[in-house]
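Here's the structure, in structure tokens; my notes come after.
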Amino acid sequence: MSELKKIKVLVVDDSLVFRELITRGISADSEIEVVATAVDPFDARDKIIDFNPDVMTCDLHMPKMNGIEFIKRLLPQHPLPVIIISKTSGAVFDALNAGAVEFLSKPDLTSPQDVEYFINDLITKIKVASRSKIARRKLPTSGKKLAMKVTENYSDRIIAIGSSTGGTEAVYHILRNLPSGMPPILVVQHIPPVFSRLFAERLNEQTDFNAKEAENGDPAVPGSVLVAPGDRHMRLEKKNGRYMVSILDGEKVNGHRPSVDVLFESVAEAAGEKAVGIILTGMGHDGSRGLMLMRRKGARTIGQDEQSSIVYGMPRAAFEIGAVEKQVPLDKIPQTILEVLSG
């Protein structure tokens, strides 16, 4: 049997400490090979030409050129998956918008446990990124915001969205193209703590919705977007005829906390046929079981198609078990949401 081809990684960071930490850590995995390191974007450009890596890890703050500008200039000529490694900052979302596929926060070097978690998470993200589709990475341009004809009282409707790798930009694109007078929208994005709050703040600032990181007991009202906090599960409940969310700890489900399945299963029970479930790009199968339950309870269900998904894992798993009623490209999802609501 032939030996599996290793994933070739280029590590870009102006810090010698982090270059060595990352190189030693991820090289311990038998499926990964660090083929080169670089100290700045110009050094990285030369190493990309020389070593043709499969994945690049990249700091945001570097001399000569910042990581965001580097990604914007790099990807049109050398499309490859980029994982951002940086201090906790909303700038990572600008990097994702520029074309990066994933991100991690730099660990506390004084904490062996933090460093170990960081390396294990990075190894997982490198393997996912190596299977992502960068040639089709560019999101559709936002056009004229869709107009919605309010034909019913949307206060009893609910929209639930689940996503992972590539999902922050996919969710952002959908919300940017929907009118503000929508039913409550609940979002589970596989994302670390703190970044979930930054993600919600970005949605609040750059879309027409009132978006926030969800807190226990928050009401789900029309025009609002509630984002599950990192490392906590989010469930929908209905009390006295009104929707609200509960935020809870608990074991990881499908390897994730928050889990899309946890949200979708609660939406199926609380909202039934009044719900719309949407499964977006991401690795694995989180959300497929919950979306299936939603469909069985009468909800309308939408899945992102393979061509527009950065990683066609979660949408594929849901589609293959029959949980997806309509499978459409990302740029068609806002219109499809309006159609199933009015239908």
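The values are calculated or read from the model by the stated rules, or taken from the named source; none is laboratory data. Source: prediction; values computed, not measured. Neighbour counts are summed over all protein chains in view; Cβ atoms, including those assigned to glycine, are modelled from backbone coordinates with ideal geometry.
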Subset tally (residues that are in contact (Cβ under 8 Å) with a residue 60 or more places away in the chain and within 24 Å of M182 (Cα to Cα)) for the range 242-257:
1
Pull out all pairs, ordered by first then second residue, where Cβ-Cβ is under 8 Å, the residues are six or more apart or on different chains, the first lies in the range 98-116 and is in contact (Cβ under 8 Å) with a residue 60 or more places away in the chain, and the second is of a type in the set (V, I, T) and surrounded by fewer than 19 Cβ atoms within 10 Å (Cβ to Cβ).
V101/I134; S105/T88; S105/V194; L109/V17; L109/V115
Selection within the range 192-236 - β-branched (V, I, T) and in contact (Cβ under 8 Å) with a residue 60 or more places away in the chain
V194, V221
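So which strands (runs of 3 or more DSSP E) stay within the range 236-343 end to end and still have 1 or more residues that are within 18 Å of the chain's Cα centre (by Cα) and not aliphatic (A, V, I, L, M)? Quick ask: steps written out before the conclusion?
On the way: elements: 242-248, 275-279, 300-304, 326-328.
In the range 236-343, the matching strands (runs of 3 or more DSSP E) lie at 275-279, 300-304.
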Leading residue by the ranking (surrounded by the fewest Cβ atoms within 10 Å (Cβ to Cβ)) among those in the range 285-305 that are of a type in the set (D, E, K, R) and closer than 19 Å to P334 by Cβ:
D305
Looking at G255, is it surrounded by fewer than 24 Cβ atoms within 10 Å (Cβ to Cβ) and either touching a Pro at 6+ places or on another chain (Cβ under 9 Å) or at pLDDT below 95 (or both)?
yes
Would you point out the residue of the range 41-92, among those that are out of contact with any helix residue (DSSP H, G or I) (no Cβ under 9 Å at 6 or more places or on another chain) and of a type in the set (D, E), that is nearest to V11 (Cα to Cα)?
D43
Could you tell me which residue of the range 184-206 is farthest from K297 (Cα to Cα), considering only residues that are at pLDDT 95 or above and outside any helix (DSSP H, G or I)?
H190
Please go through the range 300-319 and pick out each residue that is farther than 14 Å from A170 by Cβ and in contact (Cβ under 8 Å) with a residue 12 or more places away in the chain.
R300, T301, A317, A318, F319
Could you pull out the residue among L186, L178 that is of a type in the set (A, V, I, L, M) and over 19 Å from R242 (Cα atoms)?
L178
Of all residues being among the aliphatic types (A, V, I, L, M) and closer than 20 Å to L96 by Cα in the range 181-222, which is surrounded by the fewest Cβ atoms within 10 Å (Cβ to Cβ)? Just the residue, please.
V194
